[in-house]
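Input: a single structure, listed below in structure tokens.
Quick note: the coordinates plus some simple rules give every number you see, no bench work behind them. Just so it is clear, the structure is predicted and the values come from calculations on it, not from any experiment. Virtual Cβ from ideal backbone geometry, glycine too; neighbours counted across all protein chains shown.
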Amino acid sequence: MQRLRVRYQRGENLKFISHLDIIRLWQRVFYRAGVELAYSEGFNPHPRMALASPLPVGYTSRAEFMDLYTSAAVSPHYFEDLINRHLPEGVKILQSCVVPPEHDSLQALVRQAEYLVSVNTSMSLAECHKAVDDFMAKDSFLWQLQRQDKVKEYDLRAQTAELEVVSLLDGVLCLRMLLQCDSKGAGRPEQLTKALGISEFPLSVERIRLVLEA
């Protein structure tokens, strides 16, 4: 049995695919390519594969990670070439490597996620910089999230490691964000843009990096 760690991208064509559907997509692709996955033990065996951190619906990404166990050893280079020939447009394996089976799970290793966010705004470039600087200067920024009949409160500032203005062109602001993404919480870019005083929902959100514990 071999454990492979795969980094892949998800483009516009797949940004409205749910987490469960993307897992099913991978399983179908592996089956068609003839890659035999190892299965879990027990009464309900299932393919041994796991994604690092579910990508929210509507996001694109160039930095998704997945671990999978194959029943036989396979060369990462051969694996990449084989699987990419069977993948639909919008998803592509960028890199893969062999990982010791006993290493921690991907979910346990993820610490932060970096995003590029584009959003419409009527603010000037100077006002955008000031909004970012004011937010980052705060000690805390309490945020409330309504879920059905419950209200969850957390510190949005504590979830934000880095935030900067990349550009402002024709009323479209581009921001780079490095946000918490672990078992204790995950920052959401659309909440951060609202915290900056921008009422518009982002035009696009791309995850460009997942930070794993070394």
Loop GluC sites (Glu not before Pro), the range 82-147, which have at most 10 other Cβ atoms in a 10 Å radius of their Cβ (DSSP): Glu89, Glu102
Given Lys15/Lys138; Lys130/Lys184; Lys152/Lys194, the pairs whose alpha carbons are separated by over 24 Å: Lys15/Lys138; Lys130/Lys184
Karplus 3J(HN,Hα) series, Hz, for the range 85-91 with 6.51 cos²θ - 1.76 cosθ + 1.60 (x for Gly, Pro): 6, 9, 7, x, 4, x, 9
For the chain, average projected area of the Cα convex hull in nm²: 14.1 nm²
On Cα atoms only, tilt of 125-137 relative to the major axis of the chain in degrees: 70 degrees
Helical contribution to [θ] at 222 nm, DSSP H n ≥ 4, -39,500 (n - 2.57), averaged over the chain, rounded to 500: -6500 deg cm²/dmol
Degrees separating the helix 19-33 axis from the principal Cα axis of the chain, which is the longest one: 30 degrees
Principal axis dimensions, the range 111-212 - Cα atoms, whole angstrom, descending: 38, 32, 26
The chain - share of DSSP beta bridges that are antiparallel (%, nearest 5): 95 percent
